[in-house]
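Notes to accompany the following structure.
The values are calculated or read from the model by the stated rules, or taken from the named source; none is laboratory data. Note that the structure is a prediction, hence the values are computed from the model and not measured. Using ideal geometry, Cβ is built from the backbone for each residue, glycine included, and neighbour counts are taken over all protein chains shown.
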Amino acid sequence: MIRSALFIVAYFYLLSGFSQQKLLVRFTDKDGMSLDPYVYFDAKAIERRTKHNIPLVTFSDLPVRPDYITQTNGFFDSTKVITRWLNGIIGYTSPEKTKFIRQLPFVQSVDVMNTPKLFTCSRKGDTLTNAGKNLLHGQLDRMGHKAFRSRNITGNGVRVAIFDVGFKNVDINKAFSHIREANKIIATKNFVNEKKSVYQKGFHGTNVLSCIAGKNGDEEIGLAIHAEFLLAKTERLLWEPYSEEENWLAAAEWADKNGADIISSSLGYGYHRYFLEDMDGHTSLVSEAARFATRKGILVVNSAGNEATNSWGHIITPADVDSVMCVGGLDPFTGIGIVFTSLGPSADYTRKPNVISFGSVIASGAKEWVMTQGTSFSCPLISGYAACIMQHNPSLTNMEVFDAIEKSADLYPYFDYRHGYGVPVADIYFHGHDTVAPTFRFEKYSASRYDCVISDKAMDRLEALRKNEPDRAQLNIGNTTVPDDYQFFMNDYVRSEKRECLYYKVVDGHGKIVYYEVMEVYDKLMLQLDPEDLPEGGKIVVHLLGYTAELKR
Amino acid sequence: MKQRILIIAIFTMSIASLRGQHQYDFKVKDESNRSWRASLFSWSLKDDTTGRNFGPNRSFFQYMTLGYGITYGEQEGNDADHLDFTGNYKLGYVFKFKISPVFSGGFNLLYSRTAFKIDQGDDGKTFPDSIAYKKQKLAFHEAVLDPYLRINFDPKRGNHMGNYLDLGAYGSYTVGARLISVKEDPVNDEHIKTVRSNLSYINRMNYGLSARLGFNQFMLFGRYRLSDRIEQDKVDFVLPRFTFGIQIGVWE
């Protein structure tokens with residue numbers, strides 16, 4: 001029998017844990033600094049500022065004082081980011097040197113950042129089958145892309161910055177040849193390792209880019225196939241323990257400088273660093289960066305996260321920022337929120353997610369065709385949609401585009417914390433919502449009972465819609481999990497149009513949703529309630545077949 | 001028997017979070033339960049806000065642990081160097097109370113089983129007897145109380161256990177100690193197993209120091225026993241004092 005000794009190797013870990021800290025050091029001023037915006041900014045950045053009536057030069061645009069950088073760097077072991085927007089510097093140093101940094105007269109604050117990360121990744125799929133084609137067409141048809149194409153709207157002239165883990169194969173995959181040939185990749189930058197290309201590692205960004213602008217032969221994968229791109233690698237691959245929020249900040253400043261109209265970020269940070277109550281749009285560094293970006297006139301589109309099936313459950317940051325378009329995932333087969341899509345609201349009860357799009361998609365990446373899942377891919381579908389709106393109406397500000405996206409969603413004005421306002425549809429963007437006759441009414445049965453009764457016409461309409469669906473599609477499979485087998489399509493039926501269900505929610509007197517539900521309609525009488533059971537000052541809101549009505553307590 | 005009760009008692013300690021009825025569920029209820037089958041998704045704020053005080057980095061947390069270790073150290077006394085490989089198994093429950101982002105405190109309740117294998121090959125063996133068996137082991141079943149102070153290295157970690165060092169002490173009660181001896185019966189080609197319990201030389205109450213280095217759910221542990229398992233005035237033999245190994249915390 002062999003005696004073995006197990007030695008605990010703690011010394012070096014403890015040493016490393018205590019000897020190095022990552023700090024965000026903010027400075028007090030930028031006295032004496034100036035900037036020629038016409039030299040510093042790309043022409044499109046100037047154009048964006050002019051359109052949004054933002055001054056060409058603000059305090060946050062001025063460079064950080066070099067003397068402050070030099071003096072602070074003297075205490076850093078290494079510097080990661082110099083940030084104009086936060087007027088500071090991020091770097092590594094020891095706790096002993098941190099004390100000296102705090103004492104510098106020009107230092108406003110020092111924040112210690114020890115940041116494990118959350119990274120959501122996609123799985124790669126199989127080759128394109130007929131079912132795959134259905135899904136590919138469905139992910140665009142569901143947003144009404146024909147309405148854009150008939151008007152020759154392809155995102156032309158709109159510049160989208162994508163932040164991701166890497167864009168491997170973008171330089172060779174034929175799904176991006178039209179982008180390369182037209183020189184639509186304006187700039188790339190690797191914020192993790194400046195010596196390496198963004199094309200060296202990581203397919204996640206490749207998949208994301210394809211969902212905005214991919215095109216393989218005649219098959220389009222995204223809506224904005226003629227947009228321009230700024231590609232930023234801000235994340236390391238899976239096993240890097242620290243978050244890259246500071247890289248996100250640096251990339252946002254770079255995107256601003258280079259004229260981005262949209263930042264598409266299929267990234268987020270959650271339980272490894274934060275509590276749920278931190279998802280308030282203000283606490284995280286990346287939320288601060290996102291707010292700066294929106295103040296510069298950039299539309300920030302971010303994934304909601306894939307946390308619904310774990311204990312976190314909710315959206316991640318920076319999707320928690322009120323001015324960030326938070327995109328959840330729709331299940332293409334059930335027509336309701338996909339099982340893993342993170343739920344809203346934010347911690348301060350801001351309405352989140354804002355909209356949803358397909359959470360299972362066909363993309364292009366390691367192979368020509370991959371099936372992949374995640375709100376990482378709903379986000380770029382919406383980014384492409386936003387680019388099309390911006391091309392159609394270039395005078396809109398970022399927040400006007402934000403409003404237009406929400407108002408063109410197919411559940412609007414109905415909203416809940418899983419579906420947001422629904423899926424944006426181009427036809428609704430162009431023509432507005434159809435005026436719909438009431439599809440249900442609240443009937444007073446007695447003093448303590450109100451019935452929500454569906455009209456005969458609505459029942460006939462629902463019956464007609466059901467006749468077009470295969471039997472399987474009508475099963476209660478609302479919380480399906482996807483099998484591991486990549487031929488996972490339960491049937492070929494992809495819902496390229498809205499699934500007409502009954503949505504209802506209970507709202508309290510402060511506007512907070514306290515309960516919501518989605519039901520398949522099987523009878524005229526679906527809901528019964530005593531208004532006294534509603535919260536004080538609250539109401540129930542019901543949506544069916546495009547009609548929304550409420551009953552107040 | 002006592003050991004089994006102890007294991008069951010520790011194993012079944014858990015808090016079940018009972019989800020209440022959705023108080024705003026206004027579906028029409030009928031005997032065929034159509035409404036329930038037609039429900040595709042529902043969510044209640046009441047269910048969503050439970051557990052905000054419970055979690056790896058919340059005010060309170062509890063979780064099960066499983067561990068395996070080995071003993072190490074000099075055996076002292078007249079019968080030194082008579083021990084072979086020893087294994088230690090643990091099954092326990094950890095209670096954690098958060099003091100600050102850096103400090104936590106709490107205690108472990110553990111069932112611990114340690115089996116000291118006694119080398120039969122040496123001449124002059126006198127512990128626990130002078131007979132050379134095929135194999136022989138001295139097994140201890142203990143109930144352990146292990147209070148600790150935890151120092152987290154990464155205070156900004158969200159609702160995550162993170163990386164930490166636990167320092168503490170422990171006290172244990174030996175619920176059962178058995179001397180199991182197996183010898184061959186060459187006449188009948190059989191093995192004869194003898195189990196002696198209620199051993200008079202066993203010291204039931206023990207104590208010592210403990211430490212754990214944790215990386216979220218994975219822990220390296222070490223214990224140093226200060227007391228003597230064997231009453232020295234009865235038998236001049238001291239069992240090894242160090243035990244170290246790995247533990248895994250079990251939580252979602």
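Filter segment A:60-118 for residues that are surrounded by fewer than 17 Cβ atoms within 10 Å (Cβ to Cβ) and aromatic (Phe, Trp, Tyr); which is nearest to the chain's Cα centre (by Cα)?
The extreme case among them is A:TYR92.
A:PRO345 versus (1) within 14 Å of another protein chain (Cβ to nearest Cβ); (2) at positive phi: which is the lone unmet condition?
Here A:PRO345 clears every test but (2).
Would you confirm whether or not segment B:36-48 contains a residue that is more than 7 Å from chain A (Cβ to nearest Cβ), over 37 Å from the mean Cα position of the chain (by Cα) and either at negative phi or at pLDDT 65 or above (or both)?
Yes, because at least one residue in segment B:36-48 is more than 7 Å from chain A (Cβ to nearest Cβ), over 37 Å from the mean Cα position of the chain (by Cα) and either at negative phi or at pLDDT 65 or above (or both).
Suppose we keep only residues that are surrounded by fewer than 23 Cβ atoms within 10 Å (Cβ to Cβ) and hydrophobic (A, V, I, L, M, F, W, C) within segment A:242-275. Which one would you say is farthest from A:LYS184 (Cα to Cα)?
Selected residue: A:PHE275.
Look at segment A:155-181 and say how many of its residues are within 24 Å of A:LEU140 (Cβ to Cβ) and either free of Cβ contacts under 8 Å to residues at least 24 places away in the same chain or touching an Asp or Glu at 6+ places or on another chain (Cβ under 9 Å) (or both).
So the count comes out to 16.
Within segment B:189-215, count every residue that is crowded, with 16+ Cβ neighbours inside 10 Å and under 26 Å from B:ILE246 (Cα atoms).
Residues in segment B:189-215 being crowded, with 16+ Cβ neighbours inside 10 Å and under 26 Å from B:ILE246 (Cα atoms): 7 in total.
Which of the residues belonging to segment A:246-263 are of a type outside the set (Gly, Ala, Ser), within 17 Å of the chain's Cα centre (by Cα) and not in a helix (DSSP H, G or I)?
Scanning segment A:246-263 gives A:ASP261, A:ILE262, A:ILE263.
Can you give me the ranges of the strands (runs of 3 or more DSSP E) entirely in segment B:181-252 with at least 2 residues that are among the aromatic types (Phe, Trp, Tyr)? Outline the logic, then answer.
On the way: elements: B:190-197, B:205-215, B:218-225, B:242-250.
So the answer is B:205-215, B:218-225, B:242-250.
Whether any residue in segment A:191-205 is crowded, with 24+ Cβ neighbours inside 10 Å and under 29 Å from A:SER346 (Cα atoms) is what I want to check.
Of the residues in segment A:191-205, the ones crowded, with 24+ Cβ neighbours inside 10 Å are A:198, A:203-205.
Cutting the leftovers down to under 29 Å from A:SER346 (Cα atoms) gives us A:204-205.
Yes, segment A:191-205 has at least one match.
Of the residues that sit in segment B:159-173 and are within 14 Å of another protein chain (Cβ to nearest Cβ) and at pLDDT 95 or above, which one is farthest from A:TRP312 (Cα to Cα)? Before you say what the answer is, go through the steps one by one.
Step one: filter segment B:159-173 for residues within 14 Å of another protein chain (Cβ to nearest Cβ), giving B:159-167.
Imposing the further condition that a residue be at pLDDT 95 or above reduces the set to B:164-167.
Details: B:TYR164: 22, B:LEU165: 25, B:ASP166: 26, B:LEU167: 30 Å.
Only one residue fits best here, namely B:LEU167.
Working only within segment B:186-242, note down all residues that are hydroxyl-bearing (Ser, Thr, Tyr) and touching a residue at least 24 places away in the same chain (Cβ under 8 Å).
Of segment B:186-242, the ones hydroxyl-bearing (Ser, Thr, Tyr) are B:194, B:197, B:200-201, B:207, B:210, B:224, B:227.
Those that are hydroxyl-bearing (Ser, Thr, Tyr) and touching a residue at least 24 places away in the same chain (Cβ under 8 Å): B:SER200, B:TYR201, B:TYR207, B:SER210, B:SER227.
Please pick out the residue among A:TYR450, A:TYR412 that is buried (at least 17 other Cβ atoms within 10 Å of the Cβ), of a type in the set (Ser, Thr, Tyr), at negative phi and at pLDDT below 95. Working first, answer last.
On the way: A:TYR412 fails: at pLDDT below 95.
On inspection, the qualifying residue turns out to be A:TYR450.
Residues being part of a loop (DSSP other than H, G, I, E, B) and either under 30 Å from B:THR65 (Cα atoms) or at pLDDT 85 or above (or both): count how many of those fall in segment B:122-146. Show your work before the answer.
Within segment B:122-146, the subset part of a loop (DSSP other than H, G, I, E, B) is B:122-134.
If we keep only those that are either under 30 Å from B:THR65 (Cα atoms) or at pLDDT 85 or above (or both) as well, we get B:133-134.
Of the residues in segment B:122-146, 2 are part of a loop (DSSP other than H, G, I, E, B) and either under 30 Å from B:THR65 (Cα atoms) or at pLDDT 85 or above (or both).
Does segment A:445-453 contain any residue that is of a type in the set (Lys, Arg) and within 14 Å of another protein chain (Cβ to nearest Cβ)?
Step one: of segment A:445-453, the residues of a type in the set (Lys, Arg) are A:449.
Applying the additional criterion that residues be within 14 Å of another protein chain (Cβ to nearest Cβ) yields A:449.
Yes, that holds for at least one residue.
Consider only pairs whose beta carbons are under 9 Å apart and that are at least six residues apart or on different chains; among these, list those whose first residue lies in segment A:87-106 and is closer than 20 Å to A:ASP31 by Cα and whose second residue is in a loop (DSSP other than H, G, I, E, B) and among the acidic types (Asp, Glu).
A:ASN87/A:ASP29; A:PHE106/A:ASP29
Residue by residue, here is whether (1) of a type outside the set (S, T, N, Q); (2) touching a residue at least 40 places away in the same chain (Cβ under 8 Å) holds:
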{"residue": "A:GLN21", "(1), (2)": "no, yes"}
{"residue": "A:LYS44", "(1), (2)": "yes, yes"}
{"residue": "A:VAL57", "(1), (2)": "yes, no"}
{"residue": "A:LYS80", "(1), (2)": "yes, yes"}
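For segment B:145-158, what are the residues that are charged (D, E, K, R), at the interface with chain A (Cβ under 8 Å from one of its Cβ atoms) and in contact (Cβ under 8 Å) with a residue 12 or more places away in the chain?
Applying the first criterion (charged (D, E, K, R)) to segment B:145-158 yields B:146, B:150, B:154, B:156-157.
Restricting the remaining residues to those that are at the interface with chain A (Cβ under 8 Å from one of its Cβ atoms) gives B:154, B:156-157.
Answer for segment B:145-158, where residues must be charged (D, E, K, R), at the interface with chain A (Cβ under 8 Å from one of its Cβ atoms) and in contact (Cβ under 8 Å) with a residue 12 or more places away in the chain: B:LYS156, B:ARG157.
Quick grid of which residues meet (1) surrounded by fewer than 23 Cβ atoms within 10 Å (Cβ to Cβ); (2) closer than 30 Å to A:GLY217 by Cβ; (3) more than 21 Å from the chain's Cα centre (by Cα); (4) not polar (S, T, N, Q):
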site: A:SER357; (1), (2), (3), (4): no, yes, no, no
site: A:GLY374; (1), (2), (3), (4): no, yes, no, yes
site: A:PHE377; (1), (2), (3), (4): no, yes, no, yes
site: A:SER383; (1), (2), (3), (4): no, yes, no, no
site: A:MET390; (1), (2), (3), (4): no, yes, no, yes
site: A:THR397; (1), (2), (3), (4): yes, no, no, no
site: A:LYS407; (1), (2), (3), (4): yes, no, no, yes
site: A:TYR445; (1), (2), (3), (4): yes, no, yes, yes
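Mind telling me which of the residues A:ALA387, A:ALA404, A:ALA437 ends up being small (Gly, Ala, Ser) and part of a loop (DSSP other than H, G, I, E, B)? Break it down into steps so the answer makes sense when it comes.
Values: A:ALA387 fails: part of a loop (DSSP other than H, G, I, E, B); A:ALA404 fails: part of a loop (DSSP other than H, G, I, E, B).
It is A:ALA437.
Would you list the strands (runs of 3 or more DSSP E) that sit entirely within segment A:273-377 and hold 1 or more residues that are small (Gly, Ala, Ser)? Walk me through how you get there before you give the answer.
Working: elements: A:299-303, A:325-330, A:355-358, A:360-363, A:370-373.
Because the criterion is at least 1 residues that are small (Gly, Ala, Ser), the strands (runs of 3 or more DSSP E) in segment A:273-377 that meet it are A:299-303, A:325-330, A:355-358, A:360-363.
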